[in-house]
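The values are calculated or read from the model by the stated rules, or taken from the named source; none is laboratory data. Fair warning: this is a prediction, and the values are worked out from it, not measured in the lab. So basically every Cβ, Gly included, is an ideal-geometry build from the backbone, and we count neighbours across all protein chains shown. These area figures cover heavy atoms from the full protein model, side chains too; ligands, DNA and RNA do not enter into them. Shrake-Rupley method; radii C 1.70, N 1.55, O 1.52, S 1.80 Å.
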Amino acid sequence: KTALETEVKRAQRAERAAEERGERERTRLRCSVKDLERDLSASQAHAAKLSADLQDMRTKVAKYERLGRAEAAARIDFLEKQLNEAGKELRCLKQQANYSSKQSEANKDREKAMRSREFNVTR
């Protein structure tokens, strides 16, 4: 009888340890999802600011084009370079936001799968 009791206690300890590991992994995934969502939000805010800056630069370029002066042409060149750089940064941020969004979804899917596996094990 004591060998059976010992075996039952060992199995219970193993089950508790598995539950704790699963909980730690779920917590890690939740934190990862939150970090990615925060990064995505920051990237989207920055992208919106860059979009507004691009529009402002386009407006300024149009204004200087109407002036038609030599110094306006130099200013236009400068602004176009800034516009191109901002466009590159905006594309990069959009790619990062897309990647963060995909990572967030993947982590959510992993967490759902873990919950489903645990539900099936506990049943």
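Before moving on, here are some points about what is shown:
- For the chain, convex hull volume per residue from C-alpha positions, Å³: 81 Å³
- Global geometry of the range 4-47, whether rounded, prolate or oblate, following the gyration tensor of its Cα atoms and the 1.5 cut on a/c: prolate
- Under the simplified labelling scheme, the Asn98-Glu71 pair shows an inter-label distance of 4.3 nm, with each label point 7 Å from Cα along Cα→Cβ.
- Rounded to the nearest 10 degrees, the angle from helix 2-67 to the longest Cα principal axis of the chain is 10 degrees.
- For the chain, averaging the sequence separation of C-alpha pairs within contact (under 8 Å, six or more residues apart) and dividing by the residue count gives a relative contact order of 41 percent.
- Of Lys49/Lys94; Lys63/Lys94; Lys34/Lys102, those spanning more than 22 Å from alpha-carbon to alpha-carbon: Lys63/Lys94
- For the chain, with +1 on Lys and Arg beta carbons and -1 on Asp and Glu, the positive-most of Met57, Leu93, Ala14 along the dipole: Ala14
- Potential lengthening of the chain between His46 and Asn120 amounts to 22.3 nm, from the contour at 0.36 nm per residue minus the alpha-carbon distance.
- Once the Cα atoms are used to define both axes, helix 70-122 deviates from the longest principal axis of the chain by about 10 degrees.
- Ligands, DNA and RNA are left out, and with a 1.4 angstrom probe the accessible area of the chain is 76 Å² per residue.
- Across the accessible surface of the chain, with the other protein chains kept in place and a 1.4 Å probe, carbon and sulfur atoms take up 52 percent.
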